[in-house]
């Protein structure tokens, strides 16, 4: 009695690569594997064992499993034929492409009233050029985004360079002022010491008057810990550090002024949609984070009718509407009422 056994993809899959067999060979233990998989396995292990049962193969070049090879080829051809899409209206293969409606159609669709006087081409002729057109469109969009990103990066770099120069200009001016103040004090002490010596000589009747205590310039007073003293003064200048906002996190509608203040615009700015940037809520993060200690901030909110101020974790979501669902501590003002979360 004849019977038919349905062969599944798993039955025709190589146990090593889990893909449909390619050039299958059969070992002396009756197991079959892809020829390339077997060669790689033997090269890696430096042995001629079966990858499945680990029994040593008696043949250096196992023969091809022709039956299995033919089955795999038949399965591949059948899968390819099944993969052809069919018309959802007429259950016919989509062999034509309507140039007017820009969609694949079957022969029944071609003869229907809906496609009367339309132009058609064989679908295998249209697909390459159609794909090329979409590829060119995508490439153009990618190039435009790339140009915008390069321009934005260049603008960021130029702005940051100007700010760096301004800050160091302030530092240099501060150091120059400190230098001039120290030298002025030194010259003043020098003149005072000289005046004391001249006056004491004029008033002394001795030919060789004694040197008075404190007659010399107090060199140590000027040089000891000079760097430390200047550094301490600089610390006093920057004791109240303003929160510097990170422009790479700011929502496209936010305009940052000198990185310490912001305002919301009616239109979105042309900025890159980078992962760090908020895209739902009009928020911006500070550039510096904290993981310990006690901190407080003074924020000028002006006469705005709506504002939100708070802190969140660095890992909180920036995209979508989930920001305020987790890890946010904030206060906000709206319609003459204050709220907290």
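The values are calculated or read from the model by the stated rules, or taken from the named source; none is laboratory data. Just so it is clear, the structure is predicted and the values come from calculations on it, not from any experiment. For neighbour counting, all protein chains shown are included, and Cβ atoms are generated from backbone atoms with ideal geometry for every residue, glycine included.
Name the strands (runs of 3 or more DSSP E) wholly inside the range 83-124 in which the number of residues that are surrounded by 15 or more Cβ atoms within 10 Å (Cβ to Cβ) is 3 or more. Full working, then the answer.
On the way: elements: 96-98, 103-105, 120-122.
Because the criterion is at least 3 residues that are surrounded by 15 or more Cβ atoms within 10 Å (Cβ to Cβ), the strands (runs of 3 or more DSSP E) in the range 83-124 that meet it are 96-98.
Within 26 Å of residue 159 (Cα to Cα), modelled with pLDDT of 85 or more and touching a strand residue (DSSP E or B) at 6+ places or on another chain (Cβ under 6 Å) - does that describe any residue in the range 290-300? For the range 290-300, residues within 26 Å of residue 159 (Cα to Cα), modelled with pLDDT of 85 or more and touching a strand residue (DSSP E or B) at 6+ places or on another chain (Cβ under 6 Å): absent.
Filtering the range 307-327 to residues that are within 20 Å of residue 254 (Cα to Cα), surrounded by 11 or more Cβ atoms within 10 Å (Cβ to Cβ) and free of Cβ contacts under 8 Å to residues at least 40 places away in the same chain leaves 307, 308, 309, 310, 311, 312, 316, 317, 322.
Run down 266, 232 and say which single residue is loosely packed, with under 14 Cβ neighbours inside 10 Å and at pLDDT below 85. Result: 232 is the single residue among 266, 232 that is loosely packed, with under 14 Cβ neighbours inside 10 Å and at pLDDT below 85. If you go through the range 52-62 and keep only what is in contact with a strand residue (DSSP E or B) (Cβ under 6 Å, 6 or more places away or on another chain) and either within 16 Å of residue 14 (Cα to Cα) or at pLDDT 85 or above (or both), you end up with just 62.
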